[in-house]
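Notes to accompany the following structure.
The values are calculated or read from the model by the stated rules, or taken from the named source; none is laboratory data. From a predicted model like this one, the values you see are computed outputs, not experimental measurements. A quick note on method: Cβ atoms are made from the backbone with ideal geometry, for glycine too, and the neighbour counts reach across all protein chains shown. Each accessible area value is taken on the protein alone, full model and side chains, heavy atoms only, with ligands, DNA and RNA left out. Shrake-Rupley method; radii C 1.70, N 1.55, O 1.52, S 1.80 Å.
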Amino acid sequence: MKKKVDLKRVLMEVFGGCNYTCQMCPQSSPGRDTSFKRKMPLKDFEKILDKITPEYGKPVIGLSGSGEATMAKDLADYIKVVKKRNLDVFIYTNGARVVGDYMKSIVDAGIDLIRFSIIGYNKEIYKKWMDSDNFDLVLKNAKETTDYIKKSKSNCKISTYHLITDNNKIEMEKEKYQKIVNDLDCYGYIWKMHNMSGNYDNSANPRRSREKVSCGRPFAPELTVRAGGEPGRLGAVTACCQTLGPPNESKSIMGHLDKESFEEVYYGKRYENLRRVHKEKKFDELDYCKDCDFLFDEPESLVWTNDKDYKLGQMLGVSKDFNLVEYGKAST
């Protein structure tokens with residue numbers, strides 16, 4: 001009999017498409033498969049959520065996955081569905097649509113964390129990497145969100161996410177990003193680039209190690225659920241959130257929760273094979289794992305954070321005992 005998993009984190013993608021075409025993201029190049037770019041209807045979202053909770057734990061629910069959650073005009077309704085089940089909920093967002101009454105609606109719905117992704121420390125670099133002129137707009141939106149949180153006495157937290165765009169200018173970029181974090185008075189995290197399970201050529205920011213080790217995700221109590229999946233399906237469970245875009249995203253599907261049960265997927269042949277590959281360190285057997293730079297132990301991938309309690313491998317919004325590095329070590 002399988003030991004029942006106690007999930008701590010579930011990425012339940014609400015919308016698979018995005019309003020940005022960021023240079024480092026497979027959403028823009030080569031572009032995500034159409035079948036993954038759909039919106040998950042609210043009724044199906046609830047159905048899948050009820051397959052998972054509370055029988056398999058009370059996980060923190062992330063509504064972003066790899067799409068832009070704020071593309072859903074009724075995002076507040078999804079947040080309410082999660083909060084009705086007494087679960088914490090968060091989004092990772094580019095922040096362009098987190099404005100005005102829409103912003104207020106998601107804060108009032110009870111969201112617990114909003115992370116703004118700001119890649120580029122000024123208008124020009126932001127434009128280059130995020131293909132958008134919204135640098136000032138996003139900073140304004142983040143500030144207004146912070147002000148509304150205080151005014152409404154919400155418990156929502158704000159954080160920012162940044163990537164180093166030039167490894168030869170790390171100290172300079174770090175200082176520029178730190179100013180953004182300080183101005184917003186929030187937690188901030190600055191990382192080196194990664195290669196999206198091999199789907200993005202990260203040659204400018206390579207990770208190196210003597211050997212590959214498991215990232216820990218196949219053994220961690222978390223789940224990645226896409227809004228779409230194979231053509232005509234929704235609720236695809238993928239190996240992890242990094243397998244975004246072709247050719248690896250479709251290859252990494254473990255099953256679909258629209259018609260399959262949680263146990264059929266989580267303990268199915270594809271998921272068990274993924275765990276075997278990681279346990280035996282035979283990563284080349286899987287196209288979506290073999291070139292992933294998360295398999296390299298790279299402590300310096302986190303350049304800076306003002307979160308003094310953060311340790312490499314932890315996940316935002318989840319208890320501090322959830323650490324992917326430790327799950328990777330425990331698998332061997």
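Looking across region 217-256, the residues that are among the basic types (Lys, Arg) and either outside any helix (DSSP H, G or I) or within 16 Å of the chain's Cα centre (by Cα) (or both) come down to Arg217, Arg226, Arg233. In this structure, Ser132 qualifies as open to solvent by less than 30 Å² (accessible area, probe 1.4 Å), modelled with pLDDT of 95 or more and of a type in the set (Gly, Ala, Ser). When each of Lys259, Lys320, Lys311, Lys279 is tested for being open to solvent by 80 Å² or more (accessible area, probe 1.4 Å), in a helix (DSSP H, G or I) and either basic (Lys, Arg) or modelled with pLDDT of 95 or more (or both), the lone residue that passes is Lys279. When you check Glu300 against the structure, is it out of contact with any strand residue (DSSP E or B) (no Cβ under 9 Å at 6 or more places or on another chain) and touching a residue at least 24 places away in the same chain (Cβ under 8 Å), yes or no? So Glu300 fits the description; yes.
Would you confirm whether or not region 153-162 contains a residue that is of a type outside the set (Ser, Thr, Tyr), open to solvent by 40 Å² or more (accessible area, probe 1.4 Å) and under 19 Å from Asn94 (Cα atoms)? Looking through region 153-162, at least one residue is of a type outside the set (Ser, Thr, Tyr), open to solvent by 40 Å² or more (accessible area, probe 1.4 Å) and under 19 Å from Asn94 (Cα atoms).
Which one of these does Glu173 not meet: (1) part of a helix (DSSP H, G or I); (2) within 30 Å of Glu55 (Cα to Cα)? Result: Glu173 fails condition (2) only.
Residues checked against (1) open to solvent by 20 Å² or more (accessible area, probe 1.4 Å); (2) in a strand (DSSP E or B); (3) out of contact with any Asp or Glu (no Cβ under 9 Å at 6 or more places or on another chain):
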{"position": "Cys18", "(1), (2), (3)": "yes, no, no"}
{"position": "Gln23", "(1), (2), (3)": "yes, no, no"}
{"position": "Pro30", "(1), (2), (3)": "yes, no, yes"}
{"position": "Ser35", "(1), (2), (3)": "yes, no, no"}
{"position": "Lys43", "(1), (2), (3)": "yes, no, yes"}
{"position": "Ile48", "(1), (2), (3)": "no, no, no"}
{"position": "Pro54", "(1), (2), (3)": "yes, no, yes"}
{"position": "Lys58", "(1), (2), (3)": "yes, yes, no"}
{"position": "Ile61", "(1), (2), (3)": "no, yes, no"}
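Based on this model, can you work out whether Gly328 counts as buried (at least 17 other Cβ atoms within 10 Å of the Cβ), in contact with a Gly (Cβ under 9 Å, 6 or more places away or on another chain) and not in a helix (DSSP H, G or I)? Criteria not met by Gly328.
The numbered conditions (1) under 19 Å from the mean Cα position of the chain (by Cα); (2) over 27 Å from Asp287 (Cα atoms); (3) surrounded by fewer than 19 Cβ atoms within 10 Å (Cβ to Cβ) are all true for Asn202 except (2). Count of region 107-151 residues, restricted to those that are acidic (Asp, Glu) and in contact (Cβ under 8 Å) with a residue 24 or more places away in the chain, is 4. What residue, among those in region 285-308 that are more than 30 Å from Asn182 (Cα to Cα) and modelled with pLDDT of 95 or more, is surrounded by the fewest Cβ atoms within 10 Å (Cβ to Cβ)? So the residue we want is Glu285. Close contacts from region 14-34, counting a first residue that is more than 17 Å from Trp129 (Cβ to Cβ) and hydroxyl-bearing (Ser, Thr, Tyr) and a second that is outside any helix (DSSP H, G or I) and open to solvent by less than 50 Å² (accessible area, probe 1.4 Å), with Cβ to Cβ under 9 Å and a gap of 6+ residues or different chains, come to Thr34/Gly228. Can you pull out the residues in region 65-75 that are surrounded by 19 or more Cβ atoms within 10 Å (Cβ to Cβ) and in contact with a helix residue (DSSP H, G or I) (Cβ under 9 Å, 6 or more places away or on another chain)? Ser66, Gly67, Glu68, Ala69, Thr70, Ala72, Leu75, listed by residue number.
Annotation: of all residues in region 79-123 being of a type in the set (Gly, Ala, Ser) and under 13 Å from Leu63 (Cβ atoms), the one that is surrounded by the fewest Cβ atoms within 10 Å (Cβ to Cβ) is Gly110.
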